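Each remark here refers to the structure printed beneath this line.
The values are calculated or read from the model by the stated rules, or taken from the named source; none is laboratory data. Fair warning: this is a prediction, and the values are worked out from it, not measured in the lab. Cβ placement follows ideal geometry from the backbone for every residue including glycine, while neighbour counts extend to all protein chains displayed. Accessible surface is based on the protein model in full, side chains and every heavy atom, while ligands, DNA and RNA are left aside. Shrake-Rupley method; radii C 1.70, N 1.55, O 1.52, S 1.80 Å.
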Amino acid sequence: MKNSRILGTGSYLPDRVMHNSELEQLVDTTDAWIRERTGIERRHIAADNETTLDLAYAAALNALDAAGMQPNDIDLIVVATTTPDCVFPSVATMLQAKLGVTNASPAFDVQAVCAGFAYALGVGDNFIRANAASTVLVIGAETFSRILNWKDRNTCVLFGDGAGAVVLGASDEVGIHSTHLHADGRYKELLHVPNGVSRGYDVMQQQEAFVQMRGNEVFRMAVSKLHEVVEEALLANNLEKSDIDWLVPHQANIRIIQATARKLRMDMAKVVLTVQDHGNTSAASIPLALDTAVRDGRIQRGDKLLLEGFGGGFAWGAALVTY
Ligand code: UT7
């Protein structure tokens, strides 16, 4: 059985940066509150004519370049997104066409909201382990700004747009040691966009087309489930907390990240933080953080990484990786 390794990483952020001060003009909030309660200082927002596909495409080219691969080397594309361009086809198939991949390899989307990248990575890794693919493009891409109610201070200050990608390749060396995926559908009301196409397009004009969250309750659950899943990942690999070189967490809130780091007894200097610059980019946040730390030289080949994310569903997951 082959293992999968990360051959290259990439990312893309839209040009437009929205600072907290701009949000002060839209809702009853302050830069100080947002920084203190979330750690967010700014986020990127897609241009009107920019879609999730465009963001995914730019991140994919970036990752392919880093891996030294051509689009037709790819034999599976998995895109994690909750904000696809169309009901169908999937972003993944549109991306396949945009990249010029003509080898008829499979391409599909995965929807697990903020845990989407952990899920997509698990899928890609397992395709390689099952010998069903040898080079996989795994992407997290979101235009979450499109499903925000810009009058709701509970949610609009938290999210941003972006995309991150990795190219996985079959290898004799262990890259992805394990992935650990979970869901508990009983908590839907705490974090959701209540409506969708199956309930009728007319309601899509209303508030129900936007993210609604009971933040405090989500926060408590996130801290508890992330603690459990990182412990599970360490135990499965017979590793100690001190064996981890970098925590690459989902970037929802600096206080959630600090709580996980504390439980891992990890110095915050060993945690990749992008929440201040990107906000919560849902499925894109883990690969965006990963690519940031790979490109600035913090994450080196051979480093042990713990990736984790939690979000709507609830769905959550972790991956233990030697980069
Ligand atoms: O990625 C998917 C998973 N998502 C998460 O993990 C998000 C989890 N939740 C959170 O990050 C935090 O709960 C929030 C950042 C959403 C909220 O922080 P909090 O410390 O839990 O605040 P809270 O909801 O308990 O609200 C405290 C106060 C409330 O006012 P009162 O009732 O005490 O008067 C809110 O109305 O803060 C108020 N508030 C705000 N004030 C200024 C809520 N949003 C804002 C805001 N600006 N934007």
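Could you say whether any residue in segment 256-269 is of a type in the set (Val, Ile, Thr) and either under 14 Å from residue 319 (Cα atoms) or part of a loop (DSSP other than H, G, I, E, B) (or both)?
No, segment 256-269 has no match at all.
Looking across segment 148-169 at every residue that is within 12 Å of the ligand (Cβ to nearest atom) and charged (D, E, K, R), the one that is surrounded by the fewest Cβ atoms within 10 Å (Cβ to Cβ) is identified as 151. If you check residue 133 against the conditions, is it touching a Phe, Trp or Tyr at 6+ places or on another chain (Cβ under 6 Å), farther than 21 Å from residue 323 by Cα and open to solvent by less than 20 Å² (accessible area, probe 1.4 Å)? No. Filtering segment 68-90 to residues that are open to solvent by less than 20 Å² (accessible area, probe 1.4 Å) and under 21 Å from residue 126 (Cα atoms) leaves 74, 76, 77, 78, 79, 80, 81. Screening segment 107-223 for strands (runs of 3 or more DSSP E) wholly inside it with 3 or more residues that are under 22 Å from residue 41 (Cα atoms) and at pLDDT 95 or above returns the ranges 135-143, 161-171. Total residues in segment 219-244 satisfying the condition of being within 16 Å of the ligand (Cβ to nearest atom) and out of contact with any Phe, Trp or Tyr (no Cβ under 8 Å at 6 or more places or on another chain): the figure is 7. Counting only residues that are open to solvent by 10 Å² or more (accessible area, probe 1.4 Å) and over 18 Å from the mean Cα position of the chain (by Cα), segment 260-288 holds 8 of them.
Which one is farthest from residue 156 (Cα to Cα), of the residues in segment 289-308 that are of a type outside the set (D, E, K, R) and open to solvent by 10 Å² or more (accessible area, probe 1.4 Å)? It comes out as 302. Step by step: first the residues of segment 93-114, then only those that are over 22 Å from the mean Cα position of the chain (by Cα) and of a type in the set (Ser, Thr, Tyr), then the one that is nearest to residue 282 (Cα to Cα). Which residue is that? So, considering only residues that are over 22 Å from the mean Cα position of the chain (by Cα) and of a type in the set (Ser, Thr, Tyr), the one nearest to residue 282 (Cα to Cα) is 105.
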